[in-house]
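Derivation of every value follows stated rules applied to the coordinates shown; laboratory data play no part. Since we're looking at a predicted model, the values are computed, not measured. When we count neighbours, we look across all protein chains shown, and the Cβ atoms used for this are built from the backbone with ideal geometry, even at glycine.
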Amino acid sequence: MKSARQRIANHRAIFKPRTKKEDNDELSFDLILSARKTGHLSLTGRGLVSVPNRVWTINELSKDELANLRREIDFNHKKDCWWEQEPLKSLDLSSNCLIALSAQIKNILDLNFLDLHDNLLESLPPEMSDLNNLKTLNISFNKLENLPLEFYKLMELRQLDLKNNILRELDPSIGDLIMLESLNLSCNNLTSLPIGMGYLVRLITLDLSHNVLKELPPDITSMRALKKLDASFNHLETLPPLGELRKAEALILHTNNLKTFPDISGCTALREIHLANNSITEIDTSCLEGMSQLKVLTLGSNKLETIPEEIIQLLNLEHLDLSHNNISSIPSCVGIMPNLHNFVIDGNKLDNVRRDIVQCGTPRILRHLRQSSNSSHIEIRDCLSTTCDEQIFPDKYTLKNAKLLSLTGKNLSNLPDSVMEDAKLAEVTCIDLSRNKLHELPSSLSQVKTVTDLKLSCNQFTKMPEWIGELQHIQFLDLNRNRLNSLPESIHLLEHLREINISFNKFVEIPTCIYEIIHLEILVASGNQIAKIDVPALKKLRRLATLDLSNNNIGHVPPELGTLIHLKTLLLTGNYFKQPRHTTLEKGTEAVLSYLRDRIPTS
C-alpha cells in the first residue's frame, strides 16, 4: 500500500553514490562527545545510506583518546572522562536513506528510544532482539514486508509505530510484546490479524486504519485497558461484541462494510463513536444503554431510515451526524436533547423539516422541532417534558425512559418535592435546572442518589447545601453563573466527581474542599476574583488535566506550576500578572509549563 503523501528524502547522494566514508564522516567528534555526555545522538536528515561505524561503539574510547587520557588526566577537570560518560539511550536515525541496519546494533544495550522513521528499510536484523531496554521504537514510513521472529522478543517495548510500511501479516508472537501501550499498524497491507494480539492487555491505543482487514480477532476484547481503537478505512464486515472494552473512549470504525450497528453494550466510558460510510440500516438503541458519557456519534452516509426516540438517552451528546441516509422524519425529542450543539442531517429526504430550515443549521432545526411539537399539541412520549401541571414538569413515564429531568429555562423560583420524588423513583441520572431563578436547592433532591450529572448554572444560588456530598455518584457538577463565594466541606465526599465548573461566581480562592477530590480531571474557575494559585494544593489533584483560571485577579504565576506536567489544558488569560507574557500564553499549555519550569530557582 502506497503512502498517501509524497515523501521528499534528504538525499545528499542525488548526483553520485554515497560512500561509506562520507557516512562515517557525518558522525563528528563533537557529536560523539555530546552523545557521551547526554546519552542522546541525533543523525536525522543527513542523507545516510549506512549508519556510521562509530555509532555502535560510541562509548568505547579510541586509541588516541586513551593515549591522551593517560597523558593529560586531570582530576580537577574531569569533563569527557570515561567514568562520566552516559550510555547511549536515545538514537535518532530518521529521514535518511537507510536500506538495512547492521547486526552491531546489538551492542547498544542501554538503548530505550530508537527512531528509524522515513527511511528505505526493507528488513530488520534479528540481533535487534538483544535491545532488552528498548521502550520506544518508530519504524514508520519504510518498506518492511515482514518482521523477523526475533523482533517479538523486545519485551520492554511500550510504544511501537509501524505505520506506512507494506506489512502483509503479523506473527502470533506479537502477543509476547506484553508491555505495549501504543501500537500503530496503519497504512499497511494487513488482511488479517493473529489471535495472539489478545495478549496485549496493557494496550491503550491501537491504530489499524488504512489496511484491508475484513474482521477483527475475537480476542481483541481481552485488551481491557484499550481507550482508543481506530479500524477505519478497512473492509470490515462484522465485529465481535466489544462490550468488554469497558475503558474504551473512542471507537473509530468509519469507512468499512459494516451492515449492523456494533455491539458495544457495556462500553460505558465511550465518548466518541464514528461509524460513517458503512451500510448500517438501523441504530440499535439497546447497545447505547448506559452511554451517558457519549459526546460524538457519526453515522453519516449509511442506510438509516429512522431515528429512534430512545436517542434522547444520550444525555451528553454534543455532535450527531446522520447526514446522507434515507431518513424521512426527525422525532421531536431531538429538539430537547440538553447538550446537542451540532446536528448534521442534510442529504436526507425529510418530510417534517423543510430544506431551508436544515440549511440554517442546528439551532434553527432544534427550535423548529420544539415549536412544532408545541403548536401541534404532540405528546413526545419517552422524551418531551409533558405534564399534567401546566406542561412544566415531566411525567413519571418520561422520566423513567429518558433518565433525564430537564427544567432548563422555565423561570422557576422553587420546585415541588413531588418532582424530586418522581425523579428518585425513575432513577434519573441527569438533572438540569439551569437558567432559572432558584435561590436554594430543595432538600428532596438529596434523595435522588442515582444522579451523575447535575447542572445548576445561571441561577441565584448564594450557597450549596451540606447534603450535596450525599450525592456520591455525581461525576459532573456545573455551578457557573451564580452568586457563590464558598462551597460546603462535604464536596470532598464526591469521590467520583470528574468535572466541576464554578466559573462566574464570587470566589476569591479555590475552595479547599476541591483539592480533596482526588479523581477530579477538569476544574473551571474562570470569571471569579481568585488572586492566588496554590500549587502545593493543586499537586494533590493527580488526575487534573484541565485547569481554567482565566479572567481572575491573579497577579503572580508561581514557576512551580510548571511541574504539573499532567495538565493538558491550562488557561490563564485575562489576569493581572505580567509574566508569562501574552505571546507565551498563545503558544499553548505545553509552552507555558515549559516556560514556568525554566524559571524555577535552583538551589
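Which value at 222 nm does the chain reach when only helices count, each DSSP H run of 4 or more adding -39,500 (n - 2.57), with the total divided by all residues and rounded to the nearest 500 deg cm²/dmol?
-3500 deg cm²/dmol
For the stretch 461-597, what is the number of Lys pairs with C-alpha distance below 17 angstrom, counting only pairs 8 or more positions apart or on separate chains?
Number of lysine pairs found: 8.
Lysines within cross-link reach of LYS21: Cα-Cα under 20 Å, excluding same-chain residues under 8 positions apart?
LYS63
Step through the residues of the stretch 576-592 one at a time and calculate ³J(HN,Hα) from phi using the Karplus curve (6.51 cos²θ - 1.76 cosθ + 1.60, θ = phi - 60°), rounding each to whole Hz and writing x for Gly and Pro.
9, 5, 9, 10, x, 6, 4, 4, 6, 4, 5, 6, x, 4, 4, 5, 5
Would you kindly calculate the mean projected area, averaged across all directions, of the convex hull enclosing the Cα atoms of the stretch 461-597, in square nanometres?
Averaged projected area of the stretch 461-597's Cα convex hull equals 7.0 nm².
What fraction of the Cα pairs in the chain, stated in percent, has a spacing above 45 angstrom?
Counting every Cα pair in the chain, those more than 45 Å apart make up 34 percent.
Check which residues have an amide H placed less than 5 Å from VAL344's amide H, if you skip close sequence neighbours.
It is LEU320, ASP321, LEU322, by chain and number.
Under 5 Å between amide H atoms, partner at least 5 residues away or on a different chain: which partners does LEU121 have, H built in plane at 1.01 Å?
Long-range HN contacts for LEU121: LYS143.
Could you give me the ³J(HN,Hα) list for the stretch 198-207, computed from phi with Karplus coefficients 6.51, -1.76, 1.60 and θ = phi - 60°, whole Hz, x at Gly and Pro?
Listing the rounded values in order: x, 7, 7, 6, 9, 5, 9, 10, 9, 10 Hz.
Report ³J(HN,Hα) in whole Hz for each residue of the stretch 112-117, in order, from the Karplus equation J = 6.51 cos²θ - 1.76 cosθ + 1.60 where θ = phi - 60°; Gly and Pro get x.
10, 9, 9, 10, 10, 5
Find the relative contact order for the chain and round it to a whole percent, using C-alpha pairs within less than 8 Å whose residues are 6+ positions apart.
4
Given the peptides 451-461, 164-174, arrange them by the average over their residues of other C-beta atoms within 10 Å, most packed first.
451-461, 164-174
Cross-link partners among aspartates and glutamates for LYS396, C-alpha distance below 20 Å, same-chain residues fewer than 8 apart left out?
GLU289, GLU309, GLU310, GLU379, ASP382, ASP417, GLU421, ASP422, GLU427, ASP432, ASP453
Determine, from the Cβ-Cβ distance of HIS496 and SER34 and an R0 of 56 Å, the FRET efficiency 1/(1 + (r/R0)^6), rounded to the nearest 0.05.
Step by step, r from the Cβ atoms, then E = 0.70.
Under a straight-distance cross-link criterion of Cα-Cα below 19 Å, which lysines are reachable from LYS303, leaving out those fewer than 8 residues away in the same chain?
Hits, sequence-local ones excluded: LYS259, LYS349.
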